[in-house]
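Here the structure comes first, spelled out in structure tokens, and everything after it is commentary.
Rule-based calculations on the coordinates, nothing more; no lab input. Predicted model, so just to flag it, every value in this text is computed and none were measured. FYI the Cβ positions are ideal-geometry reconstructions off the backbone, even for glycines, and counts take in every protein chain you see.
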Amino acid sequence: MKRRTALVGIGALFTGACSKIAGSPAGQSLFDAAENWHLKAHRALTDRRALAPEFGKSDISPVFKGNGSVTVVSDFYTEQLARGFPDWRLQVGGLVKNPMTLTLENLRALPQRSQITRHDCVEGWSAIGEWTGPQLSTLLDAVGVLPEANFIVFRCADTLYGKKYYESVDMIDAYHPQTIVAHELNGEPLPEKNGAPLRMRIERQLGYKHPKYLTGIEAVANLDVIEGGKGGFWEDNYGYQWYAGM
Ligand SMILES: Nc1nc2c(c(=O)[nH]1)N[C@H]1C(S)=C(S)[C@@H](COP(=O)(O)O)O[C@H]1N2
Ligand SMILES: [Mo]
């Protein structure tokens, strides 16, 4: 986290984070948009590094529904799902010193974090589940994110309504302690509908910011050159806010 978060004290967080985003063309349009009362108010009123609430085992929802894509339509996926994903690879690259390609075994060998959290979907449902996996900060520290990088983009294997799913967050959420690359839900390998074999958990954000079927993690300077330019599938195609912090 550590590196970036350590650079900014609580006082500097507001100006530091804002000037970084405002410096990029995508960031500028984000700031111009009417939506940004939410981002600005949220940053002014809350410490974005605070933890999302965590719950007890008895709070875990009996069913954690699948939403959006509930599988990946490809022969590779079907075959890998049947075999426990031996050939699934997570690429970690972009603006980094040492890009890496990781297997599930590699990810399981890292220090793990488990957290029982509530997932809130904008469509009006919530579910509580226990997620386990390495912190994203561990991976980012391992590859060495370059100072030019302002955002982390998440690549997914699925398409939804004919478009590739992807998402992105800023460095505050990327290095947040509850931002993990989850490979387990409730102590079992991720179910197909919930994003097997890998999905992000970014607990201070709404449901659509938690990409499933994860294949890549990419450090970038600007979001305007990625896919539709607004930082995510819902943002590009359906006008959702990029900043969905809670
Ligand atoms: N790759 C991918 N990730 C995704 C989606 C999707 O369709 N594809 N849907 C999003 C939405 S809107 C929600 S609410 C959650 C749903 O997660 P769940 O299926 O585990 O309930 O995943 C998010 N991540
Ligand atoms: Mo959602």
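Where does the charge balance sit around M200 when Lys and Arg score +1, Asp and Glu -1, over other residues with C-beta under 9 Å from its C-beta?
Within the 9 Å Cβ shell, the charges total +3.
Ranked by Cβ crowding within 10 angstrom, fewest neighbours first, how are M171, M246 ordered? Each step should come with its number before you reach the end.
On the way: M171 24, M246 13.
If I rank by nearby Cβ atoms, fewest first, I get M246, M171.
As an exercise, take the mean of 1/r over every pair of distinct alpha carbons in region 146-244, invert it, and state the Kirkwood radius in angstroms.
13.7
Taking only the C-alpha atoms, wrap a convex hull around region 119-162 and report its volume per residue in Å³ as a whole number.
Taking only Cα atoms, region 119-162 has a hull volume of 153 Å³ per residue.
Quick one: 3J(HN,Hα) in Hz for region 75-92, Karplus 6.51/-1.76/1.60 with θ = phi - 60°, rounded, Gly and Pro as x.
Per residue, the Karplus-derived 3J(HN,Hα) values read 5, 4, 5, 4, 5, 5, 4, 5, 9, x, 6, x, 9, 6, 10, 10, 8, 10 Hz.
What net charge do the residues around G94 carry, taking every other residue with its C-beta under 12 Å from that of G94, with Lys and Arg at +1 and Asp and Glu at -1?
0
For a protection proxy built on the mean count of beta-carbon atoms within 10 angstrom, sort 162-170, 199-207 highest first, please.
Highest to lowest by the protection proxy: 199-207, 162-170.
How are the alpha carbon pair distances in region 79-235 distributed across 5 Å bins from zero to the largest one, expressed in percent?
2, 9, 19, 24, 22, 15, 7, 1, 0
Quick one: the Cα spread of region 68-163 along its three principal axes, in angstroms, biggest first?
Between the extreme Cα coordinates on each principal axis of region 68-163 lie 37, 32, 29 Å.
How much net charge surrounds F233 when only other residues with a Cβ under 12 Å from its Cβ are counted (Lys, Arg +1; Asp, Glu -1)? Present the calculation step by step, with values, prior to reporting the outcome.
On the way: positive: R155, K163, K164, K209, K212, K230; negative: D158, E167, E227, E235, D236.
For residues surrounding F233, the net value is +1.
Sort 133-142, 49-58, 81-90, 175-184 by packing, meaning the average of other beta carbons within 10 Å per residue, with the highest value first.
Highest mean packing first, the order is 175-184, 133-142, 81-90, 49-58.
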